1. Does Lys65 satisfy the criteria of being farther than 25 Å from Met1 by Cα and not in a helix (DSSP H, G or I)?
2. Can you tell me how many residues in the range 46-93 are among the small types (Gly, Ala, Ser) and open to solvent by 90 Å² or more (accessible area, probe 1.4 Å)?
3. What residue, among those in the range 8-30 that are over 27 Å from Ile73 (Cβ atoms) and among the polar types (S, T, N, Q), is most open to solvent (accessible area, probe 1.4 Å)?
4. Out of all the residues in the range 27-36, is one or more modelled with pLDDT of 95 or more, under 13 Å from Asn87 (Cβ atoms) and assigned to a helix (DSSP H, G or I)?
5. Would you confirm whether any residue within the range 50-62 is in contact (Cβ under 8 Å) with a residue 40 or more places away in the chain and not small (Gly, Ala, Ser)?
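The values are calculated or read from the model by the stated rules, or taken from the named source; none is laboratory data. Just so it is clear, the structure is predicted and the values come from calculations on it, not from any experiment. Reconstructed Cβ throughout: ideal geometry from the backbone, glycine too, with neighbour counts over all protein chains shown. These accessible areas exclude ligands, DNA and RNA; they are computed on the full protein's heavy atoms, side chains included. Shrake-Rupley method; radii C 1.70, N 1.55, O 1.52, S 1.80 Å.
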Amino acid sequence: MEYKIVWVPLAVETYMEEIDFIFLKLNQKEVDDFVILVDENLKRLSINPLIGQIHKNVYKIVISKQTSLFYRIIEKDKKVELVYFWNNKKDSQ
């Protein structure tokens with residue numbers, strides 16, 4: 001059984017911020033590639049949410065060298081709750 005993917009408001013906000021950041025730093029093609037990567041990883045999570053690294057009750061999956069996704073698994077409801085996207089490189093710029 002596949003898990004349902006649920007976006008919390010902070011996940012939507014940080015996803016959009018990441019798209020804006022990629023567009024400003026690079027170009028639309030890189031944004032399109034990022035959107036595809038996110039979609040592919042969400043499909044993987046819906047099939048096997050345990051693929052991420054766990055720290056306490058939050059999991060982390062690397063989307064690209066630049067971006068990680070943090071999420072929670074709600075086992076009783078068979079949901080993967082997307083918490084936020086994190087730009088791994090922003091702190092070093």
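1. On the way: farther than 25 Å from Met1 by Cα: yes; not in a helix (DSSP H, G or I): yes.
In short, yes.
2. First, the residues of the range 46-93 that are among the small types (Gly, Ala, Ser): 46, 52, 64, 68, 92.
Now drop any that are not open to solvent by 90 Å² or more (accessible area, probe 1.4 Å), which leaves 92.
Looking only at that region, the number is 1.
3. Per the criteria, the residue is Gln28.
4. Among the residues of the range 27-36, at least one is modelled with pLDDT of 95 or more, under 13 Å from Asn87 (Cβ atoms) and assigned to a helix (DSSP H, G or I), which makes the answer yes.
5. Filtering the range 50-62 for residues in contact (Cβ under 8 Å) with a residue 40 or more places away in the chain gives none.
No, every residue in the range 50-62 fails to be in contact (Cβ under 8 Å) with a residue 40 or more places away in the chain and not small (Gly, Ala, Ser).
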